[in-house]
Amino acid sequence: LLDRALDHTTVGAIMRTHFDKVPADISADTFIADYVLRSRQQTWPIEAKEGDLGFLTIDSLPSERDPQRLKAMRIIDYMTPLNEANALTPSTNARTAQRLILQGRDPLPVLDRGRVVGLVDQLDILRWFDHLARTRDSTR
């Protein structure tokens with residue numbers, strides 16, 4: 001049932017569009033203190049004046065615990081560049097996103113003209129499907 005529903009929708013309908021972007025020039029300690037510890041977000045687009053450069057997950061950073069080293073580490077050195085990302089577009093079929101997520105590529109950035117416009121993960125798909133099921137149930 002989920003597969004059939006995903007076949008008839010796009011990533012644009014299910015992606016999350018409210019998320020924080022992180023400035024490219026911050027240190028790892030600032031990233032952890034200001035973003036990781038203050039949000040449930042798991043993937044952060046990295047932005048600079050010229051546009052979005054890539055994205056970062058907490059798992060992308062080395063497991064460093066020394067505060068001085070964390071201050072010296074720049075997040076831009078650990079990001080995945082957008083051109084290397086398993087990125088989607090808003091018009092990508094949602095079932096394609098589901099397949100990538102099931103292969104362990106979760107969450108996925110959604111790009112439009114080189115900008116990160118959304119993020120999608122398994123929870124986003126399940127939330128969308130739950131909404132779809134509730135909407136259909138209420139019309140019966």
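The values are calculated or read from the model by the stated rules, or taken from the named source; none is laboratory data. Please read these numbers as outputs of a predicted model, since none were measured by experiment. A quick note on method: Cβ atoms are made from the backbone with ideal geometry, for glycine too, and the neighbour counts reach across all protein chains shown. The area values use the complete protein model at the heavy-atom level, side chains included, leaving out ligands, DNA and RNA. Shrake-Rupley method; radii C 1.70, N 1.55, O 1.52, S 1.80 Å.
The set of residues in the stretch 1-12 being at pLDDT below 95 and not hydroxyl-bearing (S, T, Y) consists of L1, L2, D3, R4, A5, L6, D7, H8. Could you give every pair whose Cβ atoms fall below 8 Å, whose first residue belongs to the stretch 34-51 and is more than 23 Å from R105 (Cα to Cα), and whose second residue is open to solvent by less than 80 Å² (accessible area, probe 1.4 Å), counting only separations of at least 6 or pairs across chains? Between residues of the stretch 34-51 that are more than 23 Å from R105 (Cα to Cα) and residues that are open to solvent by less than 80 Å² (accessible area, probe 1.4 Å), the close pairs are D34/I26; A48/P23; A48/A24; G51/G114. Scanning the stretch 52-74 for residues that are under 23 Å from D121 (Cβ atoms) and among the small types (G, A, S) yields G54, S60, S63. Where helices (runs of 4 or more DSSP H) fall wholly inside the stretch 36-140, the ranges with 1 or more residues that are over 21 Å from D7 (Cβ atoms) and open to solvent by less than 40 Å² (accessible area, probe 1.4 Å) are 67-72.
Residues in the stretch 1-12 that are within 16 Å of P90 (Cα to Cα) and open to solvent by less than 60 Å² (accessible area, probe 1.4 Å): L6, T9, T10, V11, G12.
Scanning the stretch 109-135 for residues that are under 15 Å from D52 (Cα atoms) and either without any contact (Cβ under 8 Å) to a residue 12 or more places away in the chain or among the hydrophobic types (A, V, I, L, M, F, W, C) (or both) turns up V110, L111, R113, V116, V117, L119. Taking the criterion of being touching a residue at least 60 places away in the same chain (Cβ under 8 Å) and charged (D, E, K, R), would at least one residue in the stretch 57-66 satisfy it? Within the stretch 57-66, none of the residues are touching a residue at least 60 places away in the same chain (Cβ under 8 Å) and charged (D, E, K, R).
Of all residues in the stretch 13-32, those being farther than 16 Å from P107 by Cα and open to solvent by 40 Å² or more (accessible area, probe 1.4 Å) number 5. Determine whether I32 is at pLDDT below 95, over 17 Å from D112 (Cα atoms), of a type in the set (A, V, I, L, M) and touching a strand residue (DSSP E or B) at 6+ places or on another chain (Cβ under 7 Å). Against the criterion (at pLDDT below 95, over 17 Å from D112 (Cα atoms), of a type in the set (A, V, I, L, M) and touching a strand residue (DSSP E or B) at 6+ places or on another chain (Cβ under 7 Å)), I32 does not qualify.
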